[in-house]
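Below is one structure, written out as structure tokens; comments come after it.
The values are calculated or read from the model by the stated rules, or taken from the named source; none is laboratory data. Since this is a predicted model, take the numbers as computed values, not measurements. We place every Cβ from the backbone using ideal geometry, glycine too, and count neighbours over all the protein chains shown. Note: accessible area is taken over every heavy atom of the protein model, side chains too, but ligands, DNA and RNA are not part of it. Shrake-Rupley method; radii C 1.70, N 1.55, O 1.52, S 1.80 Å.
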Amino acid sequence: MRLKKIKFSSLVSKEWLNHFGKTLKYAFYVIFHPFDGFWDLTHEKRGSIGAANFLVAAFLLLNMLQLQFTSFLVRNINLSRINMWVEVASVIAPILLWCVANWGFTTLMDGKGRLKEVYMGTAYALTPMIIIGYPNMILSNFLTIEEISFYSFFDTLSMIWFVALLLAAMMMIHDYSLTKTVFSSILTIVGMAVIVFILVVFFSLISDGIAYFVSLYKEIQFRFY
Amino acid sequence: MRKIKKLGSLLVAAAVALTGVLSIPSENVFADDANTTYSYTYDIWGDFQSSPDAYRATLQISGASVSTEELQIGNFIEPQGQFVRGNKLFVCDTGNNRIVEIAFDGREYKAVRVITEITGLPEGEPAELSKPYDIYVTEEYEMIIADYGNERVLHVDKDGKLIKRMLTPDVTPFNDPQNERKFQPQKLIMDTAGRIYVQSEKINKGLLEFDIVGEFTQYVGASPVTFNMIDYIWRFFMSEEQLAKLDKFVPTEYNNVAIDSEGFMYVTLSTFDDNDFMSAKSVRRLNSTGSDILVRNGNDPPVGDLKWNNAADLNGPSRFYDVVTFENNSYCCIDQTRGRIFAYDFQGNLLYAFGGTGNRLGYFRKPVAIDRMGESLLVLDGLSSVITVFEITDFGKLINDALREYQNADYDKSAEYWNDVLRLNGNYDLAYIGVGRALLRQEKYSEAMEYFKAKRDRRNYSKAFEQYRKQQVEDHIGDLIKALLVLLVGIWLIKKIRKIQKEVRECD
């Protein structure tokens, strides 16, 4: 039996790949020209969901690799206590919650952005975390305890850069002023907490409901046997 | 195919059986009869790790067991204090208003004397002891007795004749008419200069210091007032009655005092809030000005248990009631919450912990005092009124040897002992770091790094790594320069080629 040769090009079209590469490359433009870049990202369609997904995946991978490969001088982690899925959730959940909560609030506050665009903006804002994070992780293994401040410096730098980009993204996507952006971002964080709270309440309610029917069934069972 | 599989499984089975046979230990250097251990340590993550016993209970001394034909001693009643000098053990049999002197002849503990009253007191003062709480014995066998019931401290010679006495000092709060406190000495020690330090009941100003002639001089080592911002805010909303009940703003009182071979005082305290146990500093080492100089370089401060469950209704943090010090600056604290003994080295690392509550040998109901005679530990139980004798095991000796060699700066020898410790207990964190230190000194940096990394010793790892990195760079500097040169030449070449290509294109 001869295996059919599966060509890569038959899975993804060449045009799609071209578009993906272009939109991904655009991330480098965005991080140095945030206002201009984020405006064009959605309004001129220079970004893509595919590239955004790729960036989020790269960020997720970075977070997972950091658990294992960051020097223990920086992050002293007991690997036997780490649960992969919890770690994955702790990266993905805040991003998704942010997008949903932000979209929810900005819809009420004359925001122009759609959920798709909010997600794209957030993902592109992660770029500095990714491009600084990977080399920094490797760098941490070549540092002594006194030189840890180099690592912390780059870590903090990437964080500040990310927050600034995120604000710029929200400003451009929703066509907001700076004050309105900051205000809506604070509201978004409150909204994230509310969503988590409602989820917890919902889950406990469901489990109580199920427990009720289970006990009802058992009660009936005892009656008849 | 199936046959191969079968053969494979057979081979595996044979291999398992063989290794089972071969792994029977050929040498049994550290053979120990008993197979029950109840010692443990906490690892770097604060998790419980079982450990071989460093001390093993061998004997219980009671009033009946020390009685001889000439000297019948009934059972002790609520004994509160003891002291060891040489081979003599002095027990404060508080409930019987007496002090029992017990001698150890290398085999047996036998009573030699009972002190119930002293001579040479001025007219009108009671000669009998009343509830003696604690005793200190000098090298000349002079005794200093905390005569709790008679509110005095007595300094008597070895025949029980008074040398000096210390009565209620004329300072607050003893002379305060509104808030009168009695002078009820509970614990005491004498320092090398002959000064006596007394801990009196319900006194939170520190230890009372008496000079060489028995005059009160000052309070020493009061623990600093604990201040809590939230409590402070609460006070604004409290009624007068509630405020009166609240006594959070007074310093905590010590419950015991001991002296180490260098003349520093160790104190313990147990009146702290359950949640503050990590920061309460329940064992302290005081210098002459009364400040705490205990070294706390361990992963966790010396606080006893780090975690506990609610087993047998015993909850809450460890509460230390006595401390005994060793020549190598290790010390053992005794905890009344769960009846355990915690040993710490001079850096504050937990060496081992053992004990528990119960009636079996090696367990306590209410341990009140711990002392050592030679290498054995004597623990006095105030409820079951017996003294438990613990003998050191080979494992405990190895740890002591390793610590001693380390303090003598013989790191290689220390590492040999640590390696032996590791053979008995592969979970002993200090041993890994000890071996790592020796490797570091022998300039085996990458091996040292492995040992330090395994036990997350950041500082030592960093030291080893710095040397390793330097070594690697020095060894490979030639290669590095070559690589750099190749890279530069490569870039230059590529540029050149591009330029030529461009020129060619332009020509076309």
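Other residues whose C-beta falls under 15 angstrom from the C-beta of A:L79 contribute a net charge of +2, scoring Lys and Arg +1 and Asp and Glu -1. Computed over protein heavy atoms with a 1.4 Å probe, the carbon and sulfur contribution to the accessible area of segment A:97-225 reaches 78%. I'd like the Karplus ³J(HN,Hα) series for segment B:296-308: coefficients 6.51, -1.76, 1.60, θ = phi - 60°, whole numbers in Hz, and an x wherever there's a Gly or Pro. Those phi angles translate into 10, 9, x, 4, 10, x, x, 10, x, 5, 8, 9, 7 Hz. The separation of segment B:111-147 from segment A:97-161, counted between C-alpha centres, amounts to 74 Å. Looking at the square roots a ≥ b ≥ c of the eigenvalues of the Cα gyration tensor of the protein assembly as shown, which shape do they give, rounded for a/c under 1.5, prolate if a/b is larger than b/c, or oblate? Because a/c hits 1.5 or more and a/b exceeds b/c, the protein assembly as shown counts as prolate. Cross-linked pairs B:K110/B:K187; B:K164/B:K366; B:K202/B:K366: Cα-Cα separations exceed 22 Å for B:K110/B:K187; B:K164/B:K366. Counting only Cα atoms, the size of segment A:14-210 along its three principal axes is 51, 51, 40 Å, in decreasing order.
Once you list every other residue whose beta carbon is under 14 Å from the beta carbon of A:G21, what net charge do they have if Lys and Arg are +1 and Asp and Glu are -1?
Values: positive: A:K14, A:K22, A:K25, A:R46; negative: A:E15.
Here the count lands on +3.
Using the beta-carbon distance between A:F213 and B:D313 and R0 = 60 Å, what value does 1/(1 + (r/R0)^6) give for FRET efficiency, to the nearest 0.05? Once the sixth-power term is evaluated, E becomes 0.95. Inter-chain neighbour count for B:456-467: the average number of beta-carbon atoms from partner chains within 10 Å of each residue's beta-carbon is 4. Would you please classify the overall shape of segment B:48-392 from the alpha carbon gyration tensor, given that a ≥ b ≥ c denote the square roots of the eigenvalues, rounded means a/c under 1.5, and beyond that prolate means a/b larger than b/c while oblate covers the rest? Oblate, because a/c is 1.5 or more while a/b does not exceed b/c. Averaged over the residues of peptide A:74-80, the number of Cβ atoms from other protein chains lying within 10 Å of each residue's Cβ is 2. Only Lys, Arg, Asp and Glu carry charge here, each on its Cβ (+1 for the first two, -1 for the last two); on that basis the protein assembly as shown has a dipole of about 5480 debye about its Cα centre. Using a 10 angstrom cutoff on alpha carbons, build the Gaussian network for chain A and name the most mobile of A:I138, A:I206, A:I186. So, out of A:I138, A:I206, A:I186, the one fluctuating most is A:I206.
In peptide B:43-54, what is the residue-averaged number of other protein chain Cβ atoms found within 10 Å of each Cβ? Could you put the intermediate results ahead of the total?
On the way: counts 1, 2, 4, 1, 3, 0, 0, 0, 0, 0, 0, 0.
Taking all residues of B:43-54 together, the mean is 1.
Taken one residue at a time, the phi angles of segment B:267-277 give Karplus couplings (6.51, -1.76, 1.60, θ = phi - 60°) of 10, 10, 9, 10, 9, 10, 5, 3, 7, 8, 4 Hz. Gly and Pro are set to x. For the set A:K25/A:K45; B:K131/B:K182; B:K158/B:K182; B:K182/B:K205, the pairs lying more than 18 angstrom apart at their alpha carbons are B:K158/B:K182. Expressed per residue, the C-alpha convex hull volume of segment B:393-475 stands at 78 Å³.
If you bin all the Cα-Cα distances of segment B:226-358 at 10 Å, starting from zero, the percentages per bin are 11, 39, 29, 16, 4, 0. Qualifying GluC sites (Glu not before Pro) in segment B:430-508, where qualification requires a DSSP coil assignment and no more than 16 other C-beta atoms within 10 Å, comprise B:E443.
Inter-label distance, A:S204 to B:L167: 6.6 nm, where each label sits 7 Å from its Cα along the C-beta direction.
Considering only B:G434, A:F197, A:M64, the residue lying farthest towards the positive end of the dipole of the protein assembly as shown is A:M64, judged by Cα position with unit charges set on Cβ.
Per residue, the accessible area of the protein assembly as shown comes to 57 Å², computed with a 1.4 Å probe over protein heavy atoms only.
For segment A:64-79, putting each phi into the Karplus relation 6.51 cos²θ - 1.76 cosθ + 1.60 with θ = phi - 60° gives couplings of 5, 5, 4, 4, 8, 10, 5, 4, 6, 5, 8, 10, 8, 10, 8, 4 Hz, in residue order, rounded to whole numbers and with x for Gly and Pro. Using a 1.4 Å probe over protein heavy atoms, the accessible area lost on pairing A with B, summed over both chains, comes to approximately 1200 Å².
Computed from label points 7 Å out along Cα-Cβ, the spacing between B:T58 and B:I481 is 6.7 nm.
Can you give the local net charge around A:D110? Use residues other than it whose beta-carbon is closer than 14 angstrom to its beta-carbon, Lys and Arg +1, Asp and Glu -1. Within the 14 Å Cβ shell, the charges total +2.
Hey, what number do you get for the protein assembly as shown at 222 nm if only DSSP H runs of n ≥ 4 count, each worth -39500 (n - 2.57), divided across all residues, to the nearest 500? Mind dumping the intermediate values first?
Working: 19 runs with 316 residues, N = 733.
Here the helix-only value at 222 nm equals -14500 deg cm²/dmol.
Considering only protein heavy atoms and a probe of 1.4 Å, how much of the accessible area of chain B is carbon and sulfur, as a whole percent?
Values: 13950 of 27250 Å².
The C+S portion of the solvent-accessible surface of chain B is 51 percent.
Within the listed set A:K116, A:K14, A:K45, the Gaussian network model of chain A (springs between alpha-carbon atoms below 10 Å) gives the highest mean-square fluctuation for A:K14. Computed on the Cα atoms alone, the convex hull of segment B:115-274 gives a volume of 140 cubic angstrom per residue. Using a simple spin-label model with pseudo-atoms 7 Å out from Cα toward Cβ, A:F150 and B:L422 lie 3.0 nm apart. When chain A is treated as a Gaussian network with alpha carbon springs shorter than 10 Å, the biggest mean-square fluctuation among A:I148, A:I198, A:I160 belongs to A:I198.
What FRET efficiency do you get for B:E78 and B:N408 if R0 is 45 Å and r is their Cβ-Cβ distance, rounded to the nearest 0.05?
Numbers: r = 43 Å, r/R0 = 0.96.
That pair, B:E78 with B:N408, gives E of 0.55.
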